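The block underneath contains the structure these notes are about, expressed in structure tokens.
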Amino acid sequence: MKKLREAAAKYLASAPAEVTMSSKRQITLPAKMVRELGLEPGMKLEVHMEEGDIVLHPRKMGWLEYVTSGPPIYTKNRTKEEVDAYIREVREGWDRRARIAEGDSYVGSTHDD
């Protein structure tokens, strides 16, 4: 009897779930599938047709999205003051590069004008 229960549980777990499409062509994914796949609201899914079936799978995160999705590595284990100082330093570098691009020959020099 135990094997029959296990087989039934396995079948039910792998059986296709039934969903209904709304008037806006939206579907709600079964909660168990969402949990098992680690899906969260706002995540992108890829959809395509395969031999007449609709196939959904989580979209792989692109490099840029991966890099920008969390705090910069520099900020780990840093105080707020250290992070603020780092941000100021980076922004000053942007300003310096912009002035150089505009032709300011004295950027970064020690000349007093």
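The values are calculated or read from the model by the stated rules, or taken from the named source; none is laboratory data. The structure presented is a predicted model; accordingly, all values stated were derived computationally and were not measured. All Cβ positions, even for glycine, are placed from backbone atoms using ideal geometry, and neighbour counts span all protein chains on display.
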Inset, instruction - For Val90, state whether it is surrounded by 10 or more Cβ atoms within 10 Å (Cβ to Cβ), at pLDDT 70 or above, touching a helix residue (DSSP H, G or I) at 6+ places or on another chain (Cβ under 6 Å) and in a helix (DSSP H, G or I). - result: no
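Filter segment 65-87 down to the residues that are part of a loop (DSSP other than H, G, I, E, B) and surrounded by 12 or more Cβ atoms within 10 Å (Cβ to Cβ), then identify the one that is modelled with the lowest pLDDT.
Of all residues in segment 65-87, those part of a loop (DSSP other than H, G, I, E, B) come to 69-72, 76-79.
Remaining after also requiring surrounded by 12 or more Cβ atoms within 10 Å (Cβ to Cβ): 72, 78.
On the way: Pro72: 61, Arg78: 79.
My answer is Pro72.
Just to be sure, is Gly62 modelled with pLDDT of 75 or more and under 30 Å from Ala17 (Cβ atoms)? So that I can check it myself, show each step before the final result.
Values: modelled with pLDDT of 75 or more: no; under 30 Å from Ala17 (Cβ atoms): yes.
For Gly62, the condition - modelled with pLDDT of 75 or more and under 30 Å from Ala17 (Cβ atoms) - is not met.
Return the only residue of Val19, Val55, Val34 being part of a helix (DSSP H, G or I) and either surrounded by 10 or more Cβ atoms within 10 Å (Cβ to Cβ) or at pLDDT 85 or above (or both). Working first, answer last.
Numbers: Val19 fails: part of a helix (DSSP H, G or I); Val55 fails: part of a helix (DSSP H, G or I).
Residue meeting the stated conditions: Val34.
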